[in-house]
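Report on one structure; see the data block that follows.
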Amino acid sequence: MENGFYAMLSRMKLIKRWALMRNSMSENISEHSLEVSIIAHALAIISNCRLGNNLNAERAAAIAIYHDASEIITGDMPTPIKYYNQSIQDAYKKVEEAATERLLSMLPEDLRDYYESMFTQKEEDLYLWKLVKAADKLSALIKCIEERKTGNTDFINAESSISSIINELNLPEVEIFIKEFLPAYEKSLDELS
């Protein structure tokens, strides 16, 4: 029997993000998921080292890898549409759940349970999922910064909106990341060296 799960995941690189925006650099969900994974891992490590928590940073990174995998089937729904009203949000959530179930059905039975915990929130991982959501927003903010640095003004409003959303998360790990690491994204390669 053929199992198409990994072949489907390889298609993450074909799904473009920011479809309604003029982009100076295109971004796909594979690239985005790697960045979210790196940031989620960092947030969990910050939480452990600076805040005295005992989070599984590697699990946070793994959850982040798959956080947008359902978009292989659904495509990337632009934020203004996805969050237009509660009815659309609820409908899209059902579409995402069906897409996730479709992806998981492509796995052999003995692997499915393991991966299911990467795609759906479990009680014991709720804080990790919060960090992944924060990492997702930080990645979007970084994209806005990068676009602004190229002179692309299309992302100015998005940058402001995403910054507000991040502040509302009220996560100390995120505040530390923003204070200590986000300013470097404003610098050139020569300035970082």
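The values are calculated or read from the model by the stated rules, or taken from the named source; none is laboratory data. Just so it is clear, the model here is predicted, and its values are computed rather than measured. Cβ: placed from backbone, ideal geometry, glycine included. Neighbour counts: every protein chain shown. These area figures cover heavy atoms from the full protein model, side chains too; ligands, DNA and RNA do not enter into them. Shrake-Rupley method; radii C 1.70, N 1.55, O 1.52, S 1.80 Å.
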Quiz item: In the structure displayed, which of K94/K179; K93/K149; K94/K149; K94/K137; K16/K179; K16/K93 lie more than 26 Å apart, Cα to Cα?
Solution: K94/K179; K93/K149; K94/K149; K16/K179
Self-check item: C-alpha long axis of helix 109-119 to longest principal axis of the chain, angle in °
Solution: 30
Quiz item: How big is the shadow of the Cα convex hull of the chain, averaged over all directions, in nm²?
Solution: 12.2
Quiz item: Between K93 and T120, what is the label-to-label distance in nm when each label sits 7 Å out along the Cα-to-Cβ direction?
Solution: 1.4
Quiz item: Carbon and sulfur atoms: what percent of the 1.4 Å accessible area of the chain do they account for?
Solution: 53
Exercise. Return the whole-Å distance between the Cα centroid of region 156-193 and the Cα centroid of region 79-155.
Key: 20
Quiz prompt | Debye, to nearest 20: dipole size of the chain, +1 on Lys, Arg Cβ, -1 on Asp, Glu Cβ | solution = 400
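Which value, in debye to the nearest 20, gives the size of the charge dipole of region 126-187 about its Cα centre, when Lys and Arg are +1 and Asp and Glu are -1 at the Cβ? Please list the in-between numbers first.
Working: 8 positive and 10 negative charges, 14 e Å.
So the dipole magnitude of region 126-187 works out to roughly 60 debye.
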Quiz item: Say the dipole of region 1-105 comes from +1 at the beta carbon of Lys and Arg and -1 at that of Asp and Glu; which of L20, S70, L43 then lies farthest toward its positive end?
Solution: L20
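If you take the beta carbon distance between N170 and N85 as r and set R0 to 22 Å, what does 1/(1 + (r/R0)^6) give as a FRET efficiency, to the nearest 0.05? Kindly include the intermediate steps, with their values, before the conclusion.
Numbers: r = 25 Å, r/R0 = 1.14.
Efficiency for this residue pair is about 0.30.
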Self-check item: Positive-end residue, region 86-129 charge dipole about Cα centroid, Cβ charges, pick of L126, Y114, L104
Solution: L104
Quiz item: How far is helix 126-149 tilted off the main Cα axis of the chain, in degrees rounded to 10, range 0 to 90?
Solution: 50
Quiz prompt | Normalised alpha carbon radius of gyration of region 108-182 [divisor 2.2 N^0.38 Å] | solution = 1.41
Quiz prompt | region 1-56 shape via C-alpha gyration tensor axes, a/c threshold 1.5 | solution = oblate
Self-check item: Probe 1.4 Å, accessible area per residue of region 1-62, Å²
Solution: 59
Quiz item: For the chain, what is the calculated [θ] at 222 nm in deg cm²/dmol (nearest 500), taking -39500 (n - 2.57) for each run of four or more DSSP H residues and dividing by its residue count?
Solution: -20000 deg cm²/dmol
Quiz item: Contour minus end-to-end for E58 and Y127, with contour as 0.36 nm per residue of separation and end-to-end as the Cα-Cα distance?
Solution: 23.5 nm
